[in-house]
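A.B. asks: Have a look at this one before I ask anything.
The values are calculated or read from the model by the stated rules, or taken from the named source; none is laboratory data. Quantities reported herein were computed from a predicted structural model and do not represent experimental measurements. Cβ placement follows ideal geometry from the backbone for every residue including glycine, while neighbour counts extend to all protein chains displayed. In case anyone asks, the SASA skips ligands and DNA or RNA and just uses the protein heavy atoms, side chains included. Shrake-Rupley method; radii C 1.70, N 1.55, O 1.52, S 1.80 Å.
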Amino acid sequence: KGAPGSNATGGTIQVPLSELAEIALVNGPAMIRNENGMLAGYVYVDVAGRDIGGYVADAKEAVSRQLKLPTGYSLTWSGQYENMMRVRERLKVVIPITILLIFLLLYMNTKSAFKALVVMLAVPFSVVGAVWLMYLLGYNISIAAWVGMIALMGLDAETGVFMLLFLDLSYEDAKKKGRLRSMADLHEAIIHGAVKRIRPKMMTVAAASMGLMPIMWSAGTGADLMKRVAAPMVGGLFTSFLMELLVYPAIFLLWRSREIKPEPVAGEPAPVVGNVVRT
């Protein structure tokens, strides 16, 4: 017996492929993919001008309304959306833990739950400025934006502690010198402490903002990501600056005013304590 494709005398026989198989030109997949042991096909979508989460939510609704999958088929939204959902679940744990740790550190520093809560008030006010600036720049809420907000929380807590410290020092100094006999004296002590904090606070905001401005005007690789980290910090610093100078002193006044005895009304006798007439 001779080898296939050869005759008994050892010569070669030419056999056309059409004699062996049917040949046709058809369109087919360039690559066969599988996932979890099942055949998979990918549809790539380039999202521009809106956030991925909102786009996928609308796309899911449209697909579920217009597409009926046959038995054995499944549809999964993957890519950046899948990564975003994974990180969002982590942030649901990370952000509350971050806020709790900031509160515990403030409590350990101030030894007062009320003071720690007052400092924590800077967080929502700073978020207002962050959201405003991101809206003006046309940025959507993203993982990078949340990272910037977490960094902003720590910076606000730091500057808030110093503001409260200046108010406390001014109050204790006036109390030690016996200058807290009326609400007018308390007003003066609080204003004195707040005024001392204006320059350091302005320096902090200016230095942090100037350090972040090059990122806001950058255009290189990774600039889009870094801009969304820096934007919440820049916007939040300005609103927290106003909040700490306007709201903190007012809250401090309401808190400390309980320790100031009301002044007697003109024409009424001064209250007598034991054998001492208080004037």
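A.B. asks: Could you work out how much longer the chain between Leu165 and Ile215 gets when fully extended? Use 0.36 nm per residue separation minus the Cα distance between them, nm to one decimal.
C.D. replies: 14.8 nm
A.B. asks: Let me ask something else. Rounded to the nearest 10 degrees, what's the angle between the helix 143-176 long axis and the longest principal axis of the chain, both from Cα atoms, 0 to 90?
C.D. replies: It works out to around 10 degrees.
A.B. asks: Right, here's the next one. I'd like the Karplus ³J(HN,Hα) series for the stretch 132-140: coefficients 6.51, -1.76, 1.60, θ = phi - 60°, whole numbers in Hz, and an x wherever there's a Gly or Pro.
C.D. replies: Each residue of the stretch 132-140 in turn: 4, 5, 5, 5, 5, 7, x, 8, 9 Hz.
A.B. asks: What nm distance separates the two modelled labels at Met183 and Ala113, each placed 7 Å from Cα along Cα→Cβ?
C.D. replies: Distance between the two pseudo-spin positions: 2.9 nm.
A.B. asks: Want the number for Met203 to Ile32: 0.36 nm per residue separation, take away the alpha-carbon distance, what's left?
C.D. replies: 55.5 nm
A.B. asks: Using the Cα centre as the reference, give the magnitude of the dipole from point charges on the C-beta atoms of the stretch 117-229 (Lys, Arg: +1; Asp, Glu: -1; all else neutral), rounded to the nearest 20 debye.
C.D. replies: 300
A.B. asks: Taking only pairs that are 8 or more places apart or on different chains, how many Lys pairs in the chain have Cα atoms under 20 angstrom apart?
C.D. replies: Here the count comes out as 11.
A.B. asks: So, one more: Tell me which residues come under 5 Å, amide H to amide H, from Ala40 once H is placed; ignore anything under 5 positions away on its chain.
C.D. replies: Arg33, Asn34, Glu35
A.B. asks: Here's another thing I want to ask about it. Given a 1.4 angstrom probe, what's the average accessible area per residue across the chain, in square angstrom?
C.D. replies: 70
A.B. asks: Here's a follow-up. If you count, for each residue, the other Cβ atoms within 10 Å and average over each peptide, how do 241-249, 25-33 line up from highest to lowest?
C.D. replies: Going from most to least packed, we get 241-249, 25-33.
A.B. asks: Per residue of the stretch 112-123, in order, report the coupling 6.51 cos²θ - 1.76 cosθ + 1.60 (Karplus, θ = phi - 60°) as ³J(HN,Hα) in whole Hz, putting x for Gly and Pro.
C.D. replies: 8, 5, 5, 5, 5, 5, 4, 5, 5, 5, 5, 5
A.B. asks: Now for a separate question. Relative contact order (percent) for the stretch 1-156, with alpha-carbon contacts under 8 angstrom and 6 or more residues of separation?
C.D. replies: It comes to 17 percent, rounded to a whole number.
A.B. asks: Something else now. Whenever you get a sec, line up Asp46, Asp51 from highest to lowest accessible area (probe 1.4 Å, protein heavy atoms).
C.D. replies: Greatest to least solvent exposure: Asp46, Asp51.
A.B. asks: May I pose another question? Heavy atoms of the protein only, probe of 1.4 Å, neighbouring chains included. What is the accessible area of Val94 in Å², nearest 10?
C.D. replies: Accessible surface of Val94 is approximately 70 Å².
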